[in-house]
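Okay, here's the structure, questions in a sec.
The values are calculated or read from the model by the stated rules, or taken from the named source; none is laboratory data. All values reported here derive from a predicted model rather than from experimental measurement. Quick reminder, even Gly has a Cβ in these numbers, built from the backbone with ideal geometry, and neighbours come from all protein chains shown. Surface areas here come from the heavy atoms of the whole protein model, side chains and all, with no ligands, DNA or RNA. Shrake-Rupley method; radii C 1.70, N 1.55, O 1.52, S 1.80 Å.
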Amino acid sequence: RFSELLKDYPINKTSITELEIRFGVFKNPKLKEDRKAFFYIRDEEVSRRKLQELGIEQEFEKVTEFIKDLEKMAREYPSIQVMHYKDTEELISLVEKDLIKEIDNLFP
């Protein structure tokens with residue numbers, strides 16, 4: 001199965017993270033059944049500052065393009081939820097809320 005994925009996404013132009021997301025989520029037939037996926041996307045300006053801090057701000061456009069493509073694909077699946085966050089505290093809050101809600105739905 002992984003070799004099939006590599007045909008569509010050349011390894012020299014695709015990050016491992018992108019391959020994992022595409023293969024583990026979007027190419028997963030179980031996602032269409034009863035599985036859910038959650039994507040938490042950092043605010044663009046926060047991402048830009050983080051990349052600047054790391055001295056790799058030239059990667060911003062590439063990362064932003066990947067994230068926008070990911071979000072566009074995710075919105076095609078009703079079982080995928082996409083949320084945006086600005087800082088770690090907000091991310092923690094979103095994940096906690098979503099997990100509690102999902103657990104309550106699965107085990108009423």
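For segment 48-92, state which trypsin sites (Lys or Arg not before Pro) are in a DSSP loop and have at most 15 other beta carbons lying within 10 Å of their beta carbon.
Loop-located and lightly packed - Arg75, Lys86.
Could you compute the net charge surrounding Asp69? Neighbours are other residues with a C-beta less than 12 Å from the C-beta of Asp69; K and R count +1, D and E count -1.
The answer is +1.
Hey, if we sort Val95, Val82 by accessible area with the 1.4 Å probe, largest down, what's the order?
Ranked list, largest accessible area first: Val95, Val82.
On a 1.4 Å probe surface of the protein chains, which of Phe38, Phe107 comes out largest in accessible area, and what is the full order?
Ranked list, largest accessible area first: Phe107, Phe38.
What do you reckon, how do Glu57, Glu71 stack up by accessible area (1.4 Å probe), largest on top?
Largest accessible area first, the residues go Glu57, Glu71.
So, with a 1.4 angstrom probe, what is the percent of accessible area on segment 43-106 that is carbon and sulfur?
54 percent
Give, in nm to one decimal, the length gained when the segment between Glu90 and Lys36 is fully stretched (0.36 nm per residue of separation minus the Cα-Cα distance).
Gain on extension, Glu90 to Lys36, equals 17.4 nm.
Right, next: Run the simple label-point estimate for Gln52 and Lys72 please: 7 Å along Cα→C-beta, distance reported in nm.
2.7 nm
Search the structure for amide H atoms under 5 Å from the amide H of Tyr85, placed 1.01 Å from N in the peptide plane, and list their residues when 5 or more places away or on another chain.
Ile41, Arg42, Asp43
Could you compute the FRET efficiency for Thr17 and Asn105, with r as their C-beta to C-beta distance and R0 at 25 Å, rounded to 0.05?
The formula returns an efficiency of 0.35 here.
Still on this structure, please answer the following. Can you give the net charge of the other residues whose Cβ lies under 11 Å from the Cβ of Arg48, counting K and R as +1 and D and E as -1?
Net charge around Arg48: -4.
Same structure, new question: With every protein chain left in place, what is the accessible area of Lys101 in Å² (1.4 Å probe, nearest 10)?
120 Å²
Keeping all protein chains in position, work out how much accessible area Glu61 exposes to a 1.4 Å probe, and write it in Å² to the nearest 10.
Roughly 120 Å² of Glu61 is accessible to a 1.4 Å probe.
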